[in-house]
1. Give the relative contact order (percent, whole number) for segment 132-263; include only Cα pairs under 8 Å separated by 6+ residues.
2. Taking the Cα centre of the chain as origin and charging only Cβ (+1 Lys, Arg; -1 Asp, Glu), how large is the dipole, in debye to the nearest 20?
3. Mind checking which lysines have their Cα closer than 20 Å to the Cα of Lys143? Skip sequence neighbours fewer than 8 apart in that chain.
4. May I ask you to work out the translational diffusion coefficient for segment 1-78 at 10 °C, viscosity 1.306 mPa s, via Stokes-Einstein with Rh from the Kirkwood sum over Cα pairs, reported in whole µm²/s?
5. Helix 17-34 versus the longest principal axis of the chain: what is the Cα-based angle in degrees, 0 to 90, to the nearest 10?
6. Evaluate 2.2 N^0.38 Å with N set to the residue count of segment 11-129, then give the Cα radius of gyration divided by it.
7. Can you pull out the trypsin sites (Lys or Arg not before Pro) in segment 64-122 whose DSSP state is coil and whose Cβ has at most 14 other Cβ atoms within 10 Å?
8. Could you tell me how many degrees, from 0 to 90 and to the nearest 10, lie between the Cα long axis of helix 200-217 and the main elongation axis, the longest principal axis, of the Cα atoms of the chain?
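Every read-out reported here was derived from the displayed coordinates using simple, explicitly stated rules and does not represent laboratory data. For clarity, every value in this text was computed on a predicted model and none was experimentally measured. Heads up, the Cβs are rebuilt from the backbone with ideal geometry, glycines too, and the neighbour counts pull from every protein chain shown.
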Amino acid sequence: MSQLIETNATLDFFANFDKISSNVDTISIKLNQLNYLIGKEDMEMAVRRLWNENSKVFSVLDILIAIHTSDRKKVIARNGQIQLIENFFNSPEGVIEYLEDTGLKLVFQNKQITNLVDYVFGVETGLDTNARKNRSGDIMGNKVAKIFQENGIEFRREVYSTEFKEMKCLGEDRKRFDFVIETKTKIYLIEVNFYSSGGSKLNEVARSYSELAPKINQFNNYEFVWITDGRGWNSARSKLEEAYYTIPSVYNLTTIYDFISNLK
């Protein structure tokens, strides 16, 4: 526990600006056309004029309240019916209701936003924070891969359990392992993760791997390996301890070199 590191984040962890720029570029033409609404006192007339010019521009209005169409969010409309947010953009009346009830109408009229492309760039940057948990895992995976490479360990990444006939024991679902290392005597199926903060997820992971390991380890030529780190485990110490005594091969970024020594 004393070896667990506080964070694995570097400065590029916080925002993926390539992805953000791509998301904004995809809808920038529509956003520029929607700029027409900014500062208009008669918003209803402005909406109808823009609708007659190009009704498709309104399809990107959801991102202005930090919602992606793919999220398929539902709300209660004025008529009391539950409907998808995107359905407001099927008519000028729906657009007007959306702008008024979200508060965007006043924001536009008061010119609190001056350019929707710049505004959406900021929104996308904020939404990208949701991807940080995945990036933390990716950073950990890349760190482990680098350690393996530096120590001459051959491996494969993101390998499905269906490659190994014995792994039918895991059930019908395909399990994807972060790493697989094959030696002359044993195949190591490896999971890798990092948790800088606590939460129920850690308990679930520890319990899941504690159930998974015995199923794999029942075969003499297979071994389940778990490489994890991060001080988030301080909040789930007891669950990690249970897993530690259930799973023979649990390592962190300090003790991973013990695993490498065993491999060699």
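1. Numbers: 186 pairs, mean separation 29.3, N = 132.
Worked out over segment 132-263, it gives 22 percent.
2. Working: 33 positive and 36 negative charges, 85 e Å.
It works out to roughly 400 debye.
3. Lys133, Lys264
4. Values: Rh = 16.0 Å.
Here the translational diffusion coefficient equals 99 µm²/s.
5. 10
6. Numbers: Rg = 14.5 Å, N = 119, 2.2 N^0.38 = 13.5 Å.
For segment 11-129, the normalised Cα radius of gyration is 1.07.
7. Values: sites: Arg72, Lys73, Lys74, Arg78, Lys105, Lys111; in loops: Arg72, Lys73, Arg78, Lys111.
Within segment 64-122, the qualifying trypsin sites (Lys or Arg not before Pro) (loop, at most 14 other Cβ atoms within 10 Å) are Arg72, Lys73, Arg78, Lys111.
8. On a 0 to 90 degree scale, this one is about 40.
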